[in-house]
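K.L.:
Okay, handing you the structure first.
Every number here is computed from the coordinates shown, using simple stated rules; none is lab data. All values reported here derive from a predicted model rather than from experimental measurement. Methodologically, a virtual Cβ is constructed for each residue, glycine included, from the backbone with ideal geometry; neighbour enumeration extends over all protein chains shown.
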Amino acid sequence: MPEVTVTINHDVGLHARPASMFVQTAAKYSSDIEVTHGETTANAKSILGILALGAHKDAEITIKAEGEDADEALKALEQLVLDNFGENE
């Protein structure tokens with residue numbers, strides 16, 4: 001299962017609007033996608049799961065995907081995080 005590890009740089013972490021954007025992006029892909037922060041793993045397509053991760057600013061998350069479009073999904077989610085969820089700071 002391919003994976004990528006990224007650091008959340010958004011001021012509020014992976015919460016509220018950034019979490020919503022993350023879930024919406026993940027939902028575009030048919031692959032099974034999961035996100036891990038610390039000991040907690042969540043379905044990347046579940047807003048409640050993503051919020052439950054408690055990934056704050058500077059938190060490191062690992063995104064794993066399995067399916068026919070797994071590589072594309074990982075690339076899109078990694079880029080979303082690297083682009084700070086569309087906010088310039």
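K.L.:
Can you name every residue in the stretch 63-79 that is surrounded by 17 or more Cβ atoms within 10 Å (Cβ to Cβ) and in a strand (DSSP E or B)?
P.N.:
Correct list: 63, 64, 65.
K.L.:
Would you point out which residue out of 27, 65 is within 16 Å of residue 79 (Cα to Cα), touching a residue at least 40 places away in the same chain (Cβ under 8 Å) and among the hydrophobic types (A, V, I, L, M, F, W, C)? Give the steps one after another, and end with the answer.
P.N.:
Values: 27 fails: touching a residue at least 40 places away in the same chain (Cβ under 8 Å).
Exactly one of 27, 65 is within 16 Å of residue 79 (Cα to Cα), touching a residue at least 40 places away in the same chain (Cβ under 8 Å) and among the hydrophobic types (A, V, I, L, M, F, W, C), namely 65.
K.L.:
Step by step: first the residues of the stretch 46-62, then only those that are within 9 Å of the chain's Cα centre (by Cα) and crowded, with 17+ Cβ neighbours inside 10 Å, then the one that is nearest to residue 77 (Cα to Cα). Which residue is that? Don't jump to the end; show me each part of the working.
P.N.:
Step one: list which residues in the stretch 46-62 are within 9 Å of the chain's Cα centre (by Cα), which gives 50, 61-62.
Restricting the remaining residues to those that are crowded, with 17+ Cβ neighbours inside 10 Å gives 50, 61.
Values: 50: 13, 61: 11 Å.
Among residues in the stretch 46-62 that are within 9 Å of the chain's Cα centre (by Cα) and crowded, with 17+ Cβ neighbours inside 10 Å, the one nearest to residue 77 (Cα to Cα) is 61.
K.L.:
When the residues of the stretch 24-45 are filtered to those that are among the polar types (S, T, N, Q) and assigned to a loop (DSSP other than H, G, I, E, B), which remaining residue is surrounded by the most Cβ atoms within 10 Å (Cβ to Cβ)?
P.N.:
From the stretch 24-45, those among the polar types (S, T, N, Q) are 24-25, 30-31, 36, 40-41, 43; that's our starting set.
Those still in the list that are assigned to a loop (DSSP other than H, G, I, E, B) too: 30-31.
Working: 30: 11, 31: 20.
Ranking the qualifying residues of the stretch 24-45, first place goes to 31.
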